[in-house]
Structures are given as C-alpha cells and as structure tokens.
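Participant: Structure in structure tokens, see below.
The values are calculated or read from the model by the stated rules, or taken from the named source; none is laboratory data. Quantities reported herein were computed from a predicted structural model and do not represent experimental measurements. Note that we place each Cβ from the backbone using ideal geometry, even for glycine, and neighbour counts take in every protein chain shown.
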Amino acid sequence: MNKSSRDVEREIENIHNAFKNIRAELARAIVGQEAIIEKLLIALFARGHCMLVGVPGLAKTLIIKSLGQTLGLSFSRIQFTPDLMPADITGSEVLEEDRTTGAKAFRFIKGPLFANIVLADEINRTPPKTQSALLEAMQEYNVTISGVSHDLQKPFFVLATQNPIEQEGTYPLPEAQLDRFMFSLWLDYPSLEEEIEIVERTTSHEPPVLQACIEQKEILRYQDIIRHIPVARNTIEYATRMISATRKDSPHGDDTLRGWIRWGAGPRATQNLILASKVRAVLHNRLSPDTGDVRAVAEAILRHRIVTTFNAEADGVGIREILSHILKKIDD
C-alpha cells in the first residue's frame, strides 16, 4: 500500500468518522452496550469473529441485526439445535430436471452461511459435526460441497452466542475451536436507568428503521488499511509478554499464575491482541496503537483462551483477577 502519510491520516480519519456515525445510528435502536458494540466493530474490521455469552433477553439478536443494517450488510440467523446437520447451514445440491429437454442436473442451493453477518444462535446446542462445519467456514471463507468449493461473501463475520445458564444437553466447544474466535464478549444486565429507557422505547414506539452508514466496499478497504497500520516494537513486546505470562514455565509468569492457570493462551492470542489494538487505535483516530489499546482488548481476547485450575475456580479467581495480576507484573 504505497500511500503518503497524509493519505493514511485521511483514511484513518474516514474510518473514525464512520465509526462515530455507526455508533450514533445504533444508539437509535440499542440502549447502552457501548463497549460491546465497539468490540464487535473491532472484530469486524480486523476480520475476526466473536462469541457472545449472556442470558436470554439481553438483545443479542437485536444488536447483531441492527449492526448489519447500519453496515449495509446481509444478515442471517441460524438457530442451532441438536438435529441440525452441516448441510442445513452450508447448503446442499438438489437434482433438478429441465422440463423442456428432460435433462437432469445438480444445482447448489446456498445455505444461511452465505451472508455477510451470520448469527449462530446457541452454537453449543448442536453436535460437533455441525459446529465444525461452521468453524471451517470461519477459517477458510468457503464451503466445499461434493468436491466443489464455494466462496463465501466478504466481509464474512460470525457471531456465535451461548447461554451460560442451561448447560444440560449441550455440546461445549473445545478450547481449540474456541480459539478461532477473536473475542469472547460477556453481556451484562443493563443498569436501572438503561432498563427504564429500554422499557419506555419498546412499549410505546415502533422500532426505528436504521440507515446504512457505510458501503460494503468501504469495509473491505478499511480492513485492508488496518492491516498496514504500523505498530511500535515495544507494543508488540508488551503484548507478547502478556500472553507469555499465561503459560507454564514462562519467564514472565510466577508461582501465583502457575497455581491459577492450567493451560495458557497460544500465539493466535498475541496476533489478535495486536490486530484488535490496531483497529481500536484507528477507531479513536490515532495512527498507531499503544499499550493502552492492548490492555483495553486483552480481557475479551483471553477470556476463552485460558483454562483455570481447580484451585482458581474454588477461590473465585477468574480472567479479570488473572489479567490484573499479569498487568501488575509486566508493568513493573
């Protein structure tokens, strides 16, 4: 990308302005959840995917559908169930007969994966075979049916949800598959003031029709621009030390962390830290990320990549306590 510094600054300002417009438009339909919306946009522009965890009724579907409207992208929702088969989401070939000639031929009918934004609702409710079909599409950006590869639409953004309450009859994703998601986002209950506003809006008005704030080709261009954003060496080293501290026998860890963590995060976590930090810096109209951006996205990146020990669970130690300990150690 041969661009002058002024051109790059102008592009970053364009992305920042688009971000502000998207957030303002989403605020017409969504009350609160600013941090969640920001991370969803970070993942989108970084070409990542998100796992959303939250109890029913927290507007997960509304957030994602509204996001698709403001981005001008196609949206598809898949309700995962125990009887869902891979072909139900990827599509399948059907045998058709030409009525004029009598000739028969197979025609591929696209499944709901062929959309820009795919909501995989309650992904842990479906068997591993169907989960794997989704995760393969996330990684390869195509699906293969009868030996023929079909490219998915770009941008391609998967948001999978899990219900943390009902675990009976579920198929939890293995850690290796969870690692395919850039972020694991926890949706909390709204505050009292936010809930009052939600009730007032939803019981007295029709939901607003949101306008697209950006074009599909602009999203693809911005994704490419962000890949070329420079990152200072000290920021990369900071992110690497953070991830390294989660691993046993690492010189950046200590006995406390080794007592809390059974399995640490892999190199993909470090890559996602830097990518997400780049996007966050650009969304806030800065030319390059710093360690503050790394810290801001670290919890959502590490939440699903660290396996804690029984002692940590018994003591109520979670990702926030672990991350706080790591940050104190590497900041010293």
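Participant: Need at least 3 residues that are closer than 14 Å to Ala120 by Cβ per element, so show me which strands (runs of 3 or more DSSP E) inside segment 19-100 make the cut, counting only ones lying wholly within it.
Facilitator: Once the strands (runs of 3 or more DSSP E) in segment 19-100 are filtered for at least 3 residues that are closer than 14 Å to Ala120 by Cβ, what remains is 50-53, 75-79.
Participant: When both residues are 6+ apart or on different chains and their Cβ atoms are under 7 Å apart, which pairs have a first residue that lies in segment 124-141 and is touching a residue at least 60 places away in the same chain (Cβ under 8 Å), and a second that is hydrophobic (A, V, I, L, M, F, W, C)?
Facilitator: Met138/Val158
Participant: Let me ask something else about it. Could you check segment 105-121 and list, in sequence order, the residues that are free of Cβ contacts under 8 Å to residues at least 40 places away in the same chain and either under 20 Å from Pro155 (Cβ atoms) or within 15 Å of the chain's Cα centre (by Cα) (or both)?
Facilitator: Once the filter is applied, which keeps residues that are free of Cβ contacts under 8 Å to residues at least 40 places away in the same chain and either under 20 Å from Pro155 (Cβ atoms) or within 15 Å of the chain's Cα centre (by Cα) (or both), segment 105-121 yields Gly111, Pro112, Leu113, Phe114.
Participant: Another one. Pick from segment 122-156 the residues that are of a type in the set (A, V, I, L, M) and within 15 Å of the chain's Cα centre (by Cα): which of them is farthest from Thr90 (Cα to Cα)?
Facilitator: Per the stated criteria, the residue is Ile123.
Participant: Of all residues in segment 35-82 being of a type in the set (D, E, K, R) and over 22 Å from Gln177 (Cα atoms), which is modelled with the highest pLDDT?
Facilitator: Step by step, filter segment 35-82, then rank; the result is Glu38.
Participant: Run down Ala137, Ala212, Ala160, Ala120 and say which single residue is in contact with a Gly (Cβ under 6 Å, 6 or more places away or on another chain) and either within 24 Å of Ile42 (Cβ to Cβ) or surrounded by fewer than 19 Cβ atoms within 10 Å (Cβ to Cβ) (or both).
Facilitator: Ala212
Participant: While we're here: Could we say that Glu122 is of a type in the set (Asp, Glu) and more than 27 Å from Ala29 (Cβ to Cβ) here?
Facilitator: no
Participant: (1) out of contact with any Asp or Glu (no Cβ under 7 Å at 6 or more places or on another chain); (2) surrounded by fewer than 19 Cβ atoms within 10 Å (Cβ to Cβ); (3) not in a helix (DSSP H, G or I): which one isn't true of Phe108, the others all being true?
Facilitator: (1)
Participant: Something else about it: Residues Arg295, Arg320: which one is surrounded by 15 or more Cβ atoms within 10 Å (Cβ to Cβ), outside the structural domain of Ile12 (by TED's automatic domain parsing) and not polar (S, T, N, Q)?
Facilitator: Exactly one residue qualifies, and that residue is Arg295.
Participant: Hey, among Ile330, Ile322, Ile301, which residue is closer than 20 Å to Leu187 by Cβ and either modelled with pLDDT under 90 or not small (Gly, Ala, Ser) (or both)?
Facilitator: Ile301
Participant: (1) more than 24 Å from Lys129 (Cβ to Cβ); (2) in contact (Cβ under 8 Å) with a residue 12 or more places away in the chain: which one isn't true of Val158, the others all being true?
Facilitator: Answer for Val158: the failing condition is (1).
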